[in-house]
């Protein structure tokens, strides 16, 4: 009878000793995996603008070393692009500005909700 149930519901009898979300032990170098969320914040005048958040995993021996690696990685990937306004079609500029405004509004909403959530559990 047990074999019959095993054939119908194999997932009930599966022996899996892995714990979900478990990270493997440190390797020979003593490095661990760290995951960071990062984004760029820019203030012009009285407005603050945010870029899209990114998720990056790094291997390091300490949190400080991992943070430094992510910072170096992010700065290497960024390029400042400056163009004269006359080179853009005004409708393109309006589209770009509208998209940035939407992203910034969303980021502000997310941060506001996160602050409310964390303040709730203080």
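The values are calculated or read from the model by the stated rules, or taken from the named source; none is laboratory data. Remember, it's a predicted structure, so these values are computed and weren't measured experimentally. Note that we place each Cβ from the backbone using ideal geometry, even for glycine, and neighbour counts take in every protein chain shown.
Numbers at a glance
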| read-out | value |
| --- | --- |
| Filter result for residue 54 (modelled with pLDDT of 90 or more and within 26 Å of residue 100 (Cα to Cα)) | no |
| Residue count for the range 58-70, restricted to those that are free of Cβ contacts under 8 Å to residues at least 24 places away in the same chain and either under 12 Å from residue 31 (Cβ atoms) or within 15 Å of the chain's Cα centre (by Cα) (or both) | 3 |
| Neighbours by Cβ (under 6 Å, 6+ apart or cross-chain): first from the range 43-57, over 17 Å from residue 110 (Cβ atoms); second outside any loop (DSSP other than H, G, I, E, B) and modelled with pLDDT of 85 or more | 56/36; 56/70; 57/33; 57/35 |
| Pair list, Cβ under 6 Å, 6 or more apart: the range 102-120 residue at negative phi and in contact (Cβ under 8 Å) with a residue 40 or more places away in the chain, other residue surrounded by 10 or more Cβ atoms within 10 Å (Cβ to Cβ) and not in a helix (DSSP H, G or I) | 104/49; 104/50; 107/50 |
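Table: residues versus (1) modelled with pLDDT of 85 or more; (2) in a strand (DSSP E or B).
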{"position": "49", "(1), (2)": "yes, yes"}
{"position": "75", "(1), (2)": "yes, no"}
{"position": "93", "(1), (2)": "no, no"}
{"position": "100", "(1), (2)": "no, no"}
